[in-house]
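The values are calculated or read from the model by the stated rules, or taken from the named source; none is laboratory data. Nothing here was measured: the structure is a model prediction, and the numbers come from that model. In this analysis, Cβ positions are derived from the backbone assuming ideal geometry, glycine residues included, and neighbour counts consider all displayed protein chains. Surface areas here come from the heavy atoms of the whole protein model, side chains and all, with no ligands, DNA or RNA. Shrake-Rupley method; radii C 1.70, N 1.55, O 1.52, S 1.80 Å.
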Amino acid sequence: MSYHSGRHFLQIPGPTNVPDRVLHAIGQPTIDHRGPEFQKLSEEVLLGCRRIFKTSSPVIIYPASGTGAWEAGLINTLSPGDKVLMFETGHFATLWCTMARKFGLEVDFVPTNWRHGADPQIVEEKLKADTERKIKSVNIVHNETSTGVTSRIAEIRQAMDNAGHPALLMVDTISSLGSVDYRHEEWKVDVTVGCSQKGLMLPPGLGFNAVSEKALEASKHNGFNRHFWDWNDMLKSNANYWYPSTPSTNLLFGLREAIQMLEEEGLDNVFARHQRFAEATRRAVRTWGLEILCEEPKEYSPVLTTVMMPENKGGDAFRKVVLNAFNMSLGSGLGKVADKVFRIGHLGYLNDLTLIGTLAGVEMGLELAGIKHQKGGAQVAMEYLAQQAAAR
Ligand code: PLP
(Lines give C-alpha, C1' and ligand atoms only; values in the text may rest on other atoms or scores of the structure.)
Protein backbone atom coordinates (compact mmCIF):
# COMPACT_ATOMS: atom_id res chain seq x y z
CA MET A 1 0.00 0.00 0.00
CA SER A 2 1.24 3.50 -0.75
CA TYR A 3 2.38 5.84 2.01
CA HIS A 4 -0.33 7.80 3.85
CA SER A 5 0.65 10.79 5.97
CA GLY A 6 -1.19 11.43 9.22
CA ARG A 7 -2.57 8.86 11.62
CA HIS A 8 -4.46 5.85 10.42
CA PHE A 9 -8.15 6.08 11.43
CA LEU A 10 -8.83 2.83 13.26
CA GLN A 11 -12.62 2.96 13.35
CA ILE A 12 -13.35 -0.72 13.74
CA PRO A 13 -15.23 -1.71 16.90
CA GLY A 14 -12.02 -2.93 18.50
CA PRO A 15 -9.16 -3.13 18.78
CA THR A 16 -9.47 0.61 19.27
CA ASN A 17 -7.05 3.53 19.15
CA VAL A 18 -4.54 3.36 21.99
CA PRO A 19 -3.90 6.77 23.61
CA ASP A 20 -0.32 8.07 23.73
CA ARG A 21 -0.50 8.06 27.53
CA VAL A 22 -1.21 4.34 27.48
CA LEU A 23 1.45 3.65 24.84
CA HIS A 24 4.02 5.46 26.97
CA ALA A 25 2.97 3.53 30.04
CA ILE A 26 3.32 0.24 28.17
CA GLY A 27 6.71 1.34 26.83
CA GLN A 28 8.33 1.39 30.29
CA PRO A 29 11.04 -1.18 30.95
CA THR A 30 9.61 -4.52 32.04
CA ILE A 31 9.97 -5.06 35.78
CA ASP A 32 10.39 -8.07 38.02
CA HIS A 33 6.96 -9.61 38.38
CA ARG A 34 7.96 -10.90 41.81
CA GLY A 35 9.25 -7.57 43.12
CA PRO A 36 7.69 -4.79 45.21
CA GLU A 37 7.10 -2.39 42.31
CA PHE A 38 5.08 -5.03 40.51
CA GLN A 39 3.11 -5.85 43.64
CA LYS A 40 2.00 -2.22 43.90
CA LEU A 41 1.06 -2.12 40.20
CA SER A 42 -0.88 -5.34 40.59
CA GLU A 43 -2.77 -4.05 43.63
CA GLU A 44 -3.71 -0.89 41.76
CA VAL A 45 -5.01 -2.69 38.69
CA LEU A 46 -6.83 -5.46 40.53
CA LEU A 47 -8.66 -2.94 42.72
CA GLY A 48 -9.07 -0.46 39.86
CA CYS A 49 -10.77 -3.13 37.74
CA ARG A 50 -13.36 -3.63 40.48
CA ARG A 51 -14.35 0.03 40.08
CA ILE A 52 -14.66 -0.34 36.31
CA PHE A 53 -16.77 -3.51 36.56
CA LYS A 54 -18.63 -1.95 39.53
CA THR A 55 -18.10 -4.79 41.93
CA SER A 56 -16.60 -5.36 45.35
CA SER A 57 -15.75 -8.98 44.52
CA PRO A 58 -12.67 -10.20 42.64
CA VAL A 59 -11.76 -9.46 39.06
CA ILE A 60 -9.33 -11.93 37.49
CA ILE A 61 -6.90 -10.77 34.82
CA TYR A 62 -5.54 -13.29 32.30
CA PRO A 63 -2.87 -12.76 29.67
CA ALA A 64 -5.42 -13.71 27.01
CA SER A 65 -7.84 -12.40 24.44
CA GLY A 66 -11.57 -12.30 25.11
CA THR A 67 -12.02 -15.86 23.85
CA GLY A 68 -9.83 -17.12 26.68
CA ALA A 69 -11.89 -15.20 29.21
CA TRP A 70 -15.08 -16.75 27.74
CA GLU A 71 -13.56 -20.20 28.21
CA ALA A 72 -12.51 -19.43 31.77
CA GLY A 73 -16.06 -18.36 32.62
CA LEU A 74 -17.52 -21.63 31.36
CA ILE A 75 -15.03 -24.13 32.71
CA ASN A 76 -14.75 -22.61 36.17
CA THR A 77 -18.47 -22.81 36.87
CA LEU A 78 -20.21 -25.49 34.80
CA SER A 79 -19.91 -29.25 34.29
CA PRO A 80 -20.09 -31.36 31.11
CA GLY A 81 -23.74 -31.99 30.19
CA ASP A 82 -25.04 -28.88 32.00
CA LYS A 83 -27.77 -26.97 30.23
CA VAL A 84 -27.06 -23.35 29.25
CA LEU A 85 -29.48 -20.75 27.87
CA MET A 86 -28.02 -18.49 25.18
CA PHE A 87 -29.39 -16.16 22.50
CA GLU A 88 -28.22 -16.03 18.92
CA THR A 89 -27.86 -12.27 18.86
CA GLY A 90 -25.01 -12.33 16.34
CA HIS A 91 -21.61 -13.70 15.41
CA PHE A 92 -20.00 -13.50 18.86
CA ALA A 93 -22.95 -15.09 20.65
CA THR A 94 -22.70 -17.87 18.05
CA LEU A 95 -18.99 -18.36 18.73
CA TRP A 96 -19.59 -18.53 22.48
CA CYS A 97 -22.30 -21.12 21.87
CA THR A 98 -19.96 -23.13 19.63
CA MET A 99 -17.35 -23.09 22.38
CA ALA A 100 -19.88 -24.22 25.00
CA ARG A 101 -21.00 -27.11 22.80
CA LYS A 102 -17.38 -28.18 22.23
CA PHE A 103 -17.10 -28.53 26.00
CA GLY A 104 -20.13 -30.82 26.03
CA LEU A 105 -22.56 -28.25 27.43
CA GLU A 106 -26.12 -28.55 26.20
CA VAL A 107 -27.00 -25.14 24.79
CA ASP A 108 -30.56 -23.97 24.23
CA PHE A 109 -29.64 -21.37 21.60
CA VAL A 110 -32.63 -19.07 21.07
CA PRO A 111 -32.63 -17.67 17.52
CA THR A 112 -33.04 -13.99 16.63
CA ASN A 113 -32.86 -12.18 13.30
CA TRP A 114 -29.56 -10.53 14.45
CA ARG A 115 -31.41 -7.20 14.72
CA HIS A 116 -32.53 -7.58 18.35
CA GLY A 117 -30.98 -8.33 21.72
CA ALA A 118 -31.82 -11.19 24.06
CA ASP A 119 -35.49 -11.03 25.03
CA PRO A 120 -36.00 -10.85 28.82
CA GLN A 121 -39.50 -12.29 28.46
CA ILE A 122 -38.14 -15.42 26.79
CA VAL A 123 -35.58 -15.74 29.59
CA GLU A 124 -38.39 -15.62 32.14
CA GLU A 125 -40.54 -18.13 30.22
CA LYS A 126 -37.68 -20.59 29.68
CA LEU A 127 -36.62 -20.44 33.31
CA LYS A 128 -40.17 -20.80 34.62
CA ALA A 129 -40.66 -23.84 32.37
CA ASP A 130 -37.46 -25.41 33.74
CA THR A 131 -39.08 -26.88 36.82
CA GLU A 132 -36.29 -29.44 37.22
CA ARG A 133 -33.69 -26.62 37.38
CA LYS A 134 -31.61 -28.16 34.61
CA ILE A 135 -30.48 -24.77 33.26
CA LYS A 136 -27.28 -23.92 35.09
CA SER A 137 -26.49 -20.61 33.43
CA VAL A 138 -27.89 -17.87 31.24
CA ASN A 139 -25.17 -16.43 29.00
CA ILE A 140 -25.72 -13.09 27.30
CA VAL A 141 -23.54 -10.89 25.10
CA HIS A 142 -24.11 -7.34 26.40
CA ASN A 143 -22.98 -5.58 23.22
CA GLU A 144 -23.03 -7.73 20.07
CA THR A 145 -20.05 -6.33 18.22
CA SER A 146 -21.12 -7.95 14.95
CA THR A 147 -24.49 -6.19 14.86
CA GLY A 148 -24.38 -3.07 17.03
CA VAL A 149 -27.23 -4.35 19.20
CA THR A 150 -27.16 -4.41 23.00
CA SER A 151 -29.03 -6.71 25.36
CA ARG A 152 -30.70 -5.24 28.43
CA ILE A 153 -28.87 -6.93 31.27
CA ALA A 154 -30.80 -5.30 34.14
CA GLU A 155 -34.07 -6.54 32.59
CA ILE A 156 -32.64 -10.01 32.06
CA ARG A 157 -31.62 -10.09 35.73
CA GLN A 158 -35.15 -9.03 36.65
CA ALA A 159 -36.57 -11.81 34.46
CA MET A 160 -34.37 -14.36 36.23
CA ASP A 161 -35.51 -13.06 39.61
CA ASN A 162 -39.15 -13.16 38.49
CA ALA A 163 -38.69 -16.80 37.61
CA GLY A 164 -37.04 -17.46 40.98
CA HIS A 165 -34.48 -19.61 39.16
CA PRO A 166 -31.00 -20.28 40.59
CA ALA A 167 -29.09 -20.29 37.25
CA LEU A 168 -25.89 -18.27 37.06
CA LEU A 169 -25.89 -15.14 34.91
CA MET A 170 -22.81 -14.77 32.67
CA VAL A 171 -22.36 -11.65 30.59
CA ASP A 172 -19.88 -10.87 27.81
CA THR A 173 -18.96 -7.18 28.12
CA ILE A 174 -16.05 -7.49 25.72
CA SER A 175 -17.10 -4.51 23.61
CA SER A 176 -19.09 -2.61 26.24
CA LEU A 177 -16.88 -2.45 29.31
CA GLY A 178 -15.54 1.05 29.88
CA SER A 179 -17.90 2.51 27.25
CA VAL A 180 -21.42 1.52 28.26
CA ASP A 181 -23.00 1.68 31.72
CA TYR A 182 -22.47 -1.72 33.32
CA ARG A 183 -23.00 -2.85 36.92
CA HIS A 184 -21.70 -6.30 37.78
CA GLU A 185 -22.77 -6.24 41.41
CA GLU A 186 -26.01 -4.27 41.23
CA TRP A 187 -27.28 -6.50 38.40
CA LYS A 188 -26.20 -9.63 40.31
CA VAL A 189 -24.12 -10.91 37.43
CA ASP A 190 -22.11 -14.00 38.36
CA VAL A 191 -19.41 -13.92 35.69
CA THR A 192 -18.62 -10.85 33.63
CA VAL A 193 -16.23 -11.47 30.75
CA GLY A 194 -14.16 -8.57 29.43
CA CYS A 195 -11.00 -7.83 27.51
CA SER A 196 -8.50 -5.06 26.96
CA GLN A 197 -8.73 -3.94 23.34
CA LYS A 198 -12.06 -2.11 23.20
CA GLY A 199 -13.38 0.42 25.73
CA LEU A 200 -10.29 0.03 27.90
CA MET A 201 -8.20 1.54 25.08
CA LEU A 202 -5.41 -1.02 25.37
CA PRO A 203 -3.87 -3.32 22.82
CA PRO A 204 -5.24 -6.89 22.74
CA GLY A 205 -3.81 -9.26 25.32
CA LEU A 206 -5.75 -9.03 28.59
CA GLY A 207 -8.91 -10.99 29.36
CA PHE A 208 -11.04 -10.48 32.49
CA ASN A 209 -13.49 -12.41 34.61
CA ALA A 210 -15.39 -10.53 37.30
CA VAL A 211 -16.68 -13.19 39.63
CA SER A 212 -19.54 -13.27 42.17
CA GLU A 213 -19.53 -15.22 45.44
CA LYS A 214 -22.07 -17.60 43.90
CA ALA A 215 -19.83 -18.23 40.88
CA LEU A 216 -16.85 -18.81 43.16
CA GLU A 217 -18.85 -21.30 45.16
CA ALA A 218 -19.80 -23.12 41.92
CA SER A 219 -16.11 -23.22 40.95
CA LYS A 220 -15.27 -25.19 44.10
CA HIS A 221 -17.12 -28.30 42.90
CA ASN A 222 -17.85 -28.06 39.18
CA GLY A 223 -16.78 -30.77 36.77
CA PHE A 224 -14.19 -29.40 34.33
CA ASN A 225 -10.45 -29.96 34.71
CA ARG A 226 -8.41 -26.81 34.26
CA HIS A 227 -5.06 -25.40 35.24
CA PHE A 228 -4.14 -22.12 33.51
CA TRP A 229 -7.71 -20.84 33.79
CA ASP A 230 -8.33 -21.96 37.35
CA TRP A 231 -9.86 -19.10 39.37
CA ASN A 232 -8.95 -20.61 42.70
CA ASP A 233 -5.21 -20.82 41.88
CA MET A 234 -5.38 -17.30 40.53
CA LEU A 235 -7.18 -15.89 43.55
CA LYS A 236 -4.78 -17.58 45.96
CA SER A 237 -1.90 -15.70 44.31
CA ASN A 238 -3.90 -12.51 43.78
CA ALA A 239 -4.59 -12.35 47.52
CA ASN A 240 -1.06 -10.94 47.83
CA TYR A 241 -1.19 -9.32 44.39
CA TRP A 242 0.92 -12.03 42.72
CA TYR A 243 0.05 -14.32 39.80
CA PRO A 244 0.47 -18.08 39.44
CA SER A 245 2.23 -17.61 36.06
CA THR A 246 3.97 -14.67 34.41
CA PRO A 247 1.51 -11.80 33.95
CA SER A 248 1.52 -9.33 31.03
CA THR A 249 3.55 -6.82 32.99
CA ASN A 250 3.62 -4.08 30.37
CA LEU A 251 -0.06 -4.36 29.52
CA LEU A 252 -0.76 -3.96 33.23
CA PHE A 253 1.19 -0.67 33.15
CA GLY A 254 -1.14 0.32 30.32
CA LEU A 255 -4.21 -0.87 32.22
CA ARG A 256 -3.29 1.27 35.24
CA GLU A 257 -3.02 4.31 32.97
CA ALA A 258 -6.27 3.52 31.13
CA ILE A 259 -8.20 3.15 34.40
CA GLN A 260 -6.78 6.48 35.52
CA MET A 261 -7.88 8.13 32.27
CA LEU A 262 -11.41 6.71 32.54
CA GLU A 263 -11.64 7.95 36.11
CA GLU A 264 -10.23 11.39 35.27
CA GLU A 265 -12.97 11.80 32.68
CA GLY A 266 -15.50 10.18 35.02
CA LEU A 267 -17.25 6.96 34.02
CA ASP A 268 -20.62 8.66 33.63
CA ASN A 269 -19.07 11.23 31.28
CA VAL A 270 -17.43 8.42 29.31
CA PHE A 271 -20.81 6.69 28.93
CA ALA A 272 -22.53 9.95 27.93
CA ARG A 273 -19.80 10.64 25.35
CA HIS A 274 -20.39 7.24 23.75
CA GLN A 275 -24.15 7.83 23.65
CA ARG A 276 -23.53 11.18 21.97
CA PHE A 277 -21.23 9.70 19.33
CA ALA A 278 -23.71 6.93 18.62
CA GLU A 279 -26.58 9.38 18.21
CA ALA A 280 -24.50 11.61 15.91
CA THR A 281 -23.58 8.56 13.84
CA ARG A 282 -27.17 7.38 13.52
CA ARG A 283 -28.24 10.85 12.39
CA ALA A 284 -25.56 10.75 9.71
CA VAL A 285 -26.61 7.27 8.57
CA ARG A 286 -30.26 8.28 8.32
CA THR A 287 -29.35 11.39 6.39
CA TRP A 288 -27.44 9.25 3.89
CA GLY A 289 -30.66 7.25 3.48
CA LEU A 290 -29.02 4.02 4.68
CA GLU A 291 -30.47 1.52 7.12
CA ILE A 292 -29.18 0.72 10.60
CA LEU A 293 -29.09 -3.02 11.33
CA CYS A 294 -30.42 -2.66 14.92
CA GLU A 295 -34.24 -2.51 14.78
CA GLU A 296 -34.95 -1.60 18.39
CA PRO A 297 -34.01 1.94 19.50
CA LYS A 298 -33.63 0.91 23.15
CA GLU A 299 -31.06 -1.64 22.02
CA TYR A 300 -28.93 0.70 19.91
CA SER A 301 -25.28 0.19 20.67
CA PRO A 302 -23.42 3.21 22.05
CA VAL A 303 -20.11 1.83 20.75
CA LEU A 304 -20.69 0.94 17.14
CA THR A 305 -23.26 1.37 14.40
CA THR A 306 -23.80 -1.36 11.84
CA VAL A 307 -24.98 -0.03 8.49
CA MET A 308 -26.71 -2.19 5.88
CA MET A 309 -25.35 -1.97 2.35
CA PRO A 310 -27.97 -0.81 -0.14
CA GLU A 311 -28.78 -2.40 -3.51
CA ASN A 312 -26.72 -5.57 -2.97
CA LYS A 313 -23.49 -3.57 -2.96
CA GLY A 314 -20.65 -5.36 -1.18
CA GLY A 315 -19.60 -4.04 2.21
CA ASP A 316 -16.05 -5.33 1.80
CA ALA A 317 -15.49 -3.53 -1.51
CA PHE A 318 -16.76 -0.33 0.12
CA ARG A 319 -14.41 -0.73 3.08
CA LYS A 320 -11.54 -1.25 0.67
CA VAL A 321 -12.32 2.04 -1.10
CA VAL A 322 -12.34 3.88 2.22
CA LEU A 323 -9.09 2.27 3.34
CA ASN A 324 -7.25 2.99 0.12
CA ALA A 325 -8.52 6.53 -0.34
CA PHE A 326 -8.66 7.79 3.24
CA ASN A 327 -6.53 5.45 5.32
CA MET A 328 -9.47 4.50 7.53
CA SER A 329 -10.42 0.99 8.67
CA LEU A 330 -14.12 0.28 9.12
CA GLY A 331 -15.49 -2.96 10.57
CA SER A 332 -16.47 -5.77 8.22
CA GLY A 333 -19.65 -7.82 8.26
CA LEU A 334 -19.18 -11.07 10.17
CA GLY A 335 -20.91 -14.44 9.94
CA LYS A 336 -24.42 -14.24 8.50
CA VAL A 337 -24.04 -10.56 7.58
CA ALA A 338 -20.61 -10.91 5.92
CA ASP A 339 -20.29 -8.40 3.06
CA LYS A 340 -23.87 -7.20 3.67
CA VAL A 341 -22.99 -4.51 6.21
CA PHE A 342 -20.15 -2.34 7.40
CA ARG A 343 -19.56 -1.26 10.97
CA ILE A 344 -18.53 2.15 12.24
CA GLY A 345 -16.68 1.87 15.55
CA HIS A 346 -17.13 4.91 17.79
CA LEU A 347 -15.70 3.66 21.05
CA GLY A 348 -12.71 4.24 23.22
CA TYR A 349 -10.26 7.04 22.68
CA LEU A 350 -11.99 9.50 20.37
CA ASN A 351 -13.53 12.93 20.47
CA ASP A 352 -16.05 14.97 18.47
CA LEU A 353 -13.52 15.77 15.76
CA THR A 354 -12.34 12.17 15.40
CA LEU A 355 -15.95 11.16 14.94
CA ILE A 356 -16.61 13.87 12.37
CA GLY A 357 -13.47 12.82 10.48
CA THR A 358 -14.76 9.24 10.56
CA LEU A 359 -18.20 10.18 9.27
CA ALA A 360 -16.70 12.44 6.60
CA GLY A 361 -14.54 9.50 5.50
CA VAL A 362 -17.61 7.27 5.23
CA GLU A 363 -19.53 9.92 3.29
CA MET A 364 -16.67 10.52 0.87
CA GLY A 365 -16.26 6.76 0.53
CA LEU A 366 -19.95 6.35 -0.41
CA GLU A 367 -19.45 8.94 -3.13
CA LEU A 368 -16.25 7.33 -4.40
CA ALA A 369 -17.69 3.81 -4.38
CA GLY A 370 -20.75 4.97 -6.34
CA ILE A 371 -23.19 4.01 -3.60
CA LYS A 372 -26.48 5.85 -3.85
CA HIS A 373 -26.95 8.15 -0.86
CA GLN A 374 -28.02 11.62 0.18
CA LYS A 375 -25.21 14.00 1.00
CA GLY A 376 -25.00 15.88 4.28
CA GLY A 377 -24.77 13.13 6.91
CA ALA A 378 -21.49 14.42 8.34
CA GLN A 379 -22.97 17.94 8.36
CA VAL A 380 -26.00 16.77 10.34
CA ALA A 381 -23.69 15.04 12.81
CA MET A 382 -21.65 18.26 13.15
CA GLU A 383 -24.77 20.24 13.94
CA TYR A 384 -25.82 17.71 16.57
CA LEU A 385 -22.39 17.64 18.22
CA ALA A 386 -22.20 21.45 18.21
CA GLN A 387 -25.63 21.64 19.91
CA GLN A 388 -24.49 19.11 22.48
CA ALA A 389 -21.28 21.05 23.12
CA ALA A 390 -23.26 24.25 23.62
CA ALA A 391 -25.51 22.46 26.12
CA ARG A 392 -22.56 21.21 28.21
N1 PLP B 1 -17.16 -11.28 22.36
C2 PLP B 1 -17.35 -10.12 21.72
C3 PLP B 1 -18.61 -9.35 21.96
C4 PLP B 1 -16.37 -9.63 20.85
O5 PLP B 1 -16.55 -8.47 20.21
C6 PLP B 1 -15.19 -10.38 20.65
C7 PLP B 1 -14.15 -9.90 19.73
O8 PLP B 1 -14.28 -8.91 19.05
C9 PLP B 1 -15.04 -11.59 21.33
C10 PLP B 1 -16.05 -11.99 22.17
C11 PLP B 1 -13.82 -12.42 21.15
O12 PLP B 1 -12.74 -11.76 21.74
P13 PLP B 1 -11.25 -11.98 21.22
O14 PLP B 1 -11.26 -11.79 19.75
O15 PLP B 1 -10.46 -10.93 21.99
O16 PLP B 1 -10.85 -13.34 21.61
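Under the criterion of Cα pairs below 8 Å and six or more residues apart, the relative contact order for the range 28-124 equals 20 percent.
About its Cα centre, the chain has a charge dipole of approximately 440 debye under the convention of +1 per Lys or Arg Cβ and -1 per Asp or Glu Cβ, with nothing else charged. The H on the amide N of CYS294, modeled in the peptide plane, is under 5 Å from the matching H of THR306, each at least 5 residues off or on a different chain.
Computed from label points 7 Å out along Cα-Cβ, the spacing between ASP181 and THR131 is 3.9 nm. Overall, the accessible surface of the range 1-122 at a probe of 1.4 angstrom is composed of carbon and sulfur to the extent of 56 percent. Pairs of alpha-carbon atoms within less than 8 angstrom and 6+ residues apart define the contacts here; what relative contact order does the chain have, in percent? The normalised contact order for the chain reaches 23 percent.
Among residues other than PHE318 whose Cβ falls under 13 Å from its Cβ, what is the net charge (Lys/Arg +1, Asp/Glu -1)? Mind dumping the intermediate values first?
Working: positive: LYS313, ARG319, LYS320, LYS340, ARG343, LYS372; negative: GLU311, ASP316, ASP339, GLU363, GLU367.
Charge balance in the 13 Å sphere: +1.
When each of the peptides 283-293, 176-186 is scored by how many other beta carbons lie within 10 Å of its residues on average, the order from highest to lowest is 176-186, 283-293.
Can you give the local net charge around ASN143? Use residues other than it whose beta-carbon is closer than 14 angstrom to its beta-carbon, Lys and Arg +1, Asp and Glu -1. Mind showing how you got there, number by number?
Numbers: positive: ARG152, LYS198, LYS298, ARG343; negative: GLU144, ASP172, ASP181, GLU296, GLU299.
Within the 14 Å Cβ shell, the charges total -1.
Sorted by packing (mean other beta-carbon atoms within 10 Å per residue), highest first, where do 223-230, 30-37 land? Provide the component values of the computation, followed by the final result.
Working: 223-230: 14.1, 30-37: 11.6.
Answer by packing, highest mean first, reads 223-230, 30-37.
Using a 1.4 Å probe on the protein chains only, how many percent of the accessible area of the range 167-255 belongs to carbon and sulfur? That fraction is 52 percent. Placing dummy labels 7 Å off each Cα toward the beta-carbon, the span from GLU367 to GLU44 is 4.7 nm. Cross-linked pairs LYS54/LYS214; LYS102/LYS128; LYS188/LYS214; LYS134/LYS214: Cα-Cα separations exceed 20 Å for LYS102/LYS128.
Net charge around ALA381, counting only other residues with Cβ within less than 12 Å of its Cβ (Lys, Arg = +1; Asp, Glu = -1)? All intermediate terms of the calculation are to be shown ahead of the outcome.
On the way: positive: ARG276, ARG282, ARG283, ARG286; negative: GLU279, ASP352, GLU363, GLU383.
It works out to a net charge of 0.
The label point for ASP233 and the one for GLN387, both projected 7 Å from the Cα toward the Cβ, are 5.6 nm apart. Treating each Cα of the range 326-372 as an identical point scatterer and ignoring solvent, apply the Debye formula and state log10 I(q)/I(0) at q = 0.13, 0.19 Å⁻¹. Each listed q corresponds, in turn, to -0.34, -0.69.
Note on SER5 and GLN260: the extension gain reaches 88.7 nm, defined as 0.36 nm multiplied by sequence separation minus the Cα-Cα distance. Rg and Dmax over the alpha-carbon atoms of the chain stand at 21.1, 63 Å.
Entry comment: accessible area of the chain is 41 Å² per residue, from protein heavy atoms only and a probe of 1.4 Å.
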